[in-house]
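Read the structure below first, then the notes.
What follows is calculated from the coordinates using simple rules that are stated; it is not laboratory data. Here the structure is a predicted model, which means the values were calculated and not measured. Glycine also receives a Cβ, built like all others from the backbone with ideal geometry; neighbour counts cover every protein chain displayed.
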There are 2 protein chains.
Amino acid sequence: MTSDLTPARPVEVDRSSPVPLYYQVATRLQELIEKGEIGVGARIENEVDLAERLGVSRPTTRRAIQYLVERGMLVRKRGVGTQVVHPKVRRPVELSSLYDDLIAGAKEPHTTVLDLKVVAADATVAAALNLPIGTEVTWIERLRFAGGEPLALMHNAIPRDVLEVTPADLAERGLYELLRRAGHVPRIATQVIGARSATATEARTLEEKRGASLLTMTRTAWDDRGRALEYGSHLYRASRYSFELNLSAG
Amino acid sequence: MTSDLTPARPVEVDRSSPVPLYYQVATRLQELIEKGEIGVGARIENEVDLAERLGVSRPTTRRAIQYLVERGMLVRKRGVGTQVVHPKVRRPVELSSLYDDLIAGAKEPHTTVLDLKVVAADATVAAALNLPIGTEVTWIERLRFAGGEPLALMHNAIPRDVLEVTPADLAERGLYELLRRAGHVPRIATQVIGARSATATEARTLEEKRGASLLTMTRTAWDDRGRALEYGSHLYRASRYSFELNLSAG
DNA sequence: GTCAATACTTTGTCCTGACAAAGTCTTGAG
DNA sequence: CTCAAGACTTTGTCAGGACAAAGTATTGAC
């Protein structure tokens, strides 16, 4: 019961590759785990043996294992060993763009731009973007459809010096893709999810009954240096939409 | 312009302490940053110099810096250096227990147990907890107050072999604390947030008008080995509550 | 003055070696 | 048989050195 791992062909590393060794090892291990060649709960070889067998140093092996531990695939216990974690427990989507995509992906989504203009930031927008009130921002109003039905009414504000948006761009690409192409990489976002009843106008736009429950989501996205890139205030039909999150405890 | 960091007193390490050196260094750096002694955007000393000045090896220094990079306080760029990130961009709450606490903390929260019984899992609960239908689970119904007003109506299901809950325990400690004390450490949770209108009964319990918008949140928490620890189905008054999230892009 | 080649700085990767700490298993006393 | 002491296994921490790769700044040719 010393080791449960004896792969058919030995894991090998390619020293001439520009891919870091630790990453090669990690990828290899990940494949073995995902293919089920190392059963869930099984212990993998200890660091020292594994390093020797692969012909790399222990720190390199360690780093590879660490990488998978951080991704939630492995668990280490001192004096015990390293075990494969149950797939259910695997790792959180960290969020990237919009949750819509999860659902909408299967429902032929599309988006129409209702409005696009340059306006002076009001108090709410200015506070969210950390700008002086009255700063010019691009204001976008979009209606997102999925499966032929309206799904969400989306409002965005973007500082003009961050990005100049044209309707044509928006029709083609998502807002986040446009940001990235302009060299603005969103690093973190703060998001607030709430709910309220639809007004008559909102209900009409979203094809809901007046007073229907809507999910509200406001978000501000920031780049590396703490610069606000985008503020969004969105309304989702609660009857058609929900947010799904995976959270990991430190 | 080689270094912008010249702390008043040199950072020191205590080699007799059981606290790992890298962690001591990381903590020290974090303090300096949080106190603002290293301005936002400023570069910190390079690894080699820092290591020498502290009398530790470069790998140790590196690990300390890496730790802060992972927590979002620092950004590294090869050939450039390591910079302090804007505080706005700081760290994602990883989730631990309930978001309530953020808001409720200031509003003298308390919780009353409405019901606590052992029942057979129905299809929904069984599916969520990955158990056979009919398995006995503890079913808990609680009403959470903040500022003297009802805030949330909470339902939880817990497999009996995970935890035996008594009303007295629940009155004293949170559900998550009880789980932890029983040796069950929640590792990740999958959560779905939605909205709907209150039924007459729900409205009465939560002191809302009938048809008022409610936030719904269902969650299943899992431990290391993929074992489901808890299923929760909660209703929040949208007029009093919202979920705040910080998300980080990979 | 402009632009490309070069030197320099700083982080990234990798190695060998050593000891410490936390579990687990074995052994032996009672 | 029970239980504690000790041996063993495995991960955790740390050192010191070497070279590679990616930016930045400088220098020099034109």
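Results, tabulated for the structure shown:
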| read-out | value |
| --- | --- |
| Dipole magnitude of segment A:100-237, debye to nearest 20 (Cβ charges: Lys/Arg +1, Asp/Glu -1, about Cα centre) | 300 debye |
| Rg and Dmax of segment A:21-89, Cα atoms only, in Å | 11.0, 33 |
| B:V13-A:R210 FRET efficiency (beta carbon distance; Förster radius 60 Å; 0.05 resolution) | 0.35 |
| Inter-chain shielding of A:195-208 (mean C-beta neighbours from other protein chains, 10 Å cut-off) | 2 |
| Cut-off under 5 Å, modelled amide H: who pairs with B:L114 long-range | B:E141, B:R142, B:L143 |
| Distance between segment A:167-234 and segment A:45-89 - C-alpha centres, whole angstrom | 40 Å |
| Counted charge near A:E52, where neighbours are those whose Cβ lies closer than 11 Å (Asp, Glu -1; Lys, Arg +1) | -1 |
| ³J(HN,Hα), Karplus 6.51/-1.76/1.60, whole Hz, each residue of segment A:45-56, x for Gly, Pro | 3, 6, 3, 5, 4, 4, 4, 5, 5, 7, x, 10 |
| Nitroxide proxy distance, nm - points 7 Å out along Cα→Cβ at B:F145 and A:T166 | 6.1 nm |
| ³J(HN,Hα), Karplus 6.51/-1.76/1.60, whole Hz, each residue of segment B:112-122, x for Gly, Pro | 10, 8, 7, 7, 8, 8, 9, 10, 7, 5, 7 |
| Estimated inter-spin distance, A:R58 and B:Y23, nm [label 7 Å along Cα→Cβ] | 2.0 nm |
| Closest Cβ on chain B to the rotation axis that carries it onto A (distance rounded to whole Å) | B:A195, 2 |
| Exercise: per-residue mean of other protein chain Cβ atoms within 10 Å, A:231-239 | 2 |
| Cα→Cβ-extended label distance, 7 Å offset, between B:R173 and A:E70, nm | 3.3 nm |
| Computed P(r) (all Cα pairs; segment B:109-250; 10 Å bins; percent) | 11, 38, 37, 13, 1 |
